[in-house]
Amino acid sequence: MSDFARFLPLNGRPHGDEAAVSSDRRAALADVVAEAAHLLERTELPRRAELAAAFTADARLDLDPTALSAAADHVRAGRRRSIRSLARATRALLVLGEAVGAAPELSAATTGAVALYGATSGPFDRRAVLKGRTVAATDADWSFGRGPTVSAPALQIVAFVLGVSDTPPTAPRA
């Protein structure tokens, strides 16, 4: 039998540089910690320490809550981190954002990865809402799933799949 299968394309997607693709999420996690530090800079000093301690505890990060900017550099240079760790930290960041009254800024790669992780491994009721649907971010260039499209801003989707919000993505209006 000839080895013709190696010449067949497996998908219709254009080939590109995939050198940056990795399961290591330490850079994204460091960005989440840095964003938490940025959000905390806007709060009053007495409340800042309490919120920083709550963030590190919720994120299950063994970091110094009084120096989150330095902790972000420590995470970036440290050991490999999983998507589960990134999802926990992102959830803690969303809770922190609600506490300080500001929406955090996250990259599309981070929100997309966390949304996909949450949609496939989150609580049953959250997964059931998204089952059989294509979930698309309206403000980022990512989507996943099959079926009728439901959409929302990326942070709203992430907040829903992580259980921070009860507002699911909805079908676009005709």
Taking the alpha-carbon centroid of each part, what is the distance from region 104-147 to region 46-60 in angstrom? 26
I want the local charge near residue 155. Using Cβ-Cβ distances under 13 Å, sum +1 for each Lys or Arg and -1 for each Asp or Glu among the other residues. -3
Given +1 on the Cβ of Lys and Arg, -1 on the Cβ of Asp and Glu, and no further charges, what dipole in debye does region 17-174 carry about its Cα centre, rounded to the nearest 20? 640
Which percent of the accessible heavy-atom area of the chain goes to carbon and sulfur, probe 1.4 angstrom? 53
Taking the convex hull of the alpha-carbon atoms of region 20-155 and averaging its shadow over every direction gives an area in square nanometres of 8.4
Strictly greater than 20 Å: what percent of every Cα pair in region 27-84 meets that? 17
Gained length - residue 38 relative to residue 77, 0.36 nm times residue gap less alpha-carbon distance: 12.1 nm
MRE, 222 nm, helices only [DSSP H, n ≥ 4, -39500 (n - 2.57), over the chain, to nearest 500]: -16000 deg cm²/dmol
What full-extension length gain, to one decimal in nm, is calculated for residue 170 and residue 131 as 0.36 nm per residue of separation minus the Cα-Cα distance? 12.7 nm
Can you tell me the accessible area per residue over the chain, all protein chains present, probe 1.4 angstrom, in square angstrom? 61
Rg(Cα) of region 91-136 divided by 2.2 N^0.38 Å? 1.31
Taking just the alpha carbons, could you work out the radius of gyration and Dmax for region 127-174, both in angstroms? 9.8, 28
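The values are calculated or read from the model by the stated rules, or taken from the named source; none is laboratory data. Just so it is clear, the model here is predicted, and its values are computed rather than measured. Cβ coordinates were reconstructed from backbone atoms using ideal geometry, including for glycine residues, and neighbour counts include every protein chain displayed. All accessible areas refer to the heavy atoms of the entire protein, side chains included, with ligands and DNA or RNA removed. Shrake-Rupley method; radii C 1.70, N 1.55, O 1.52, S 1.80 Å.
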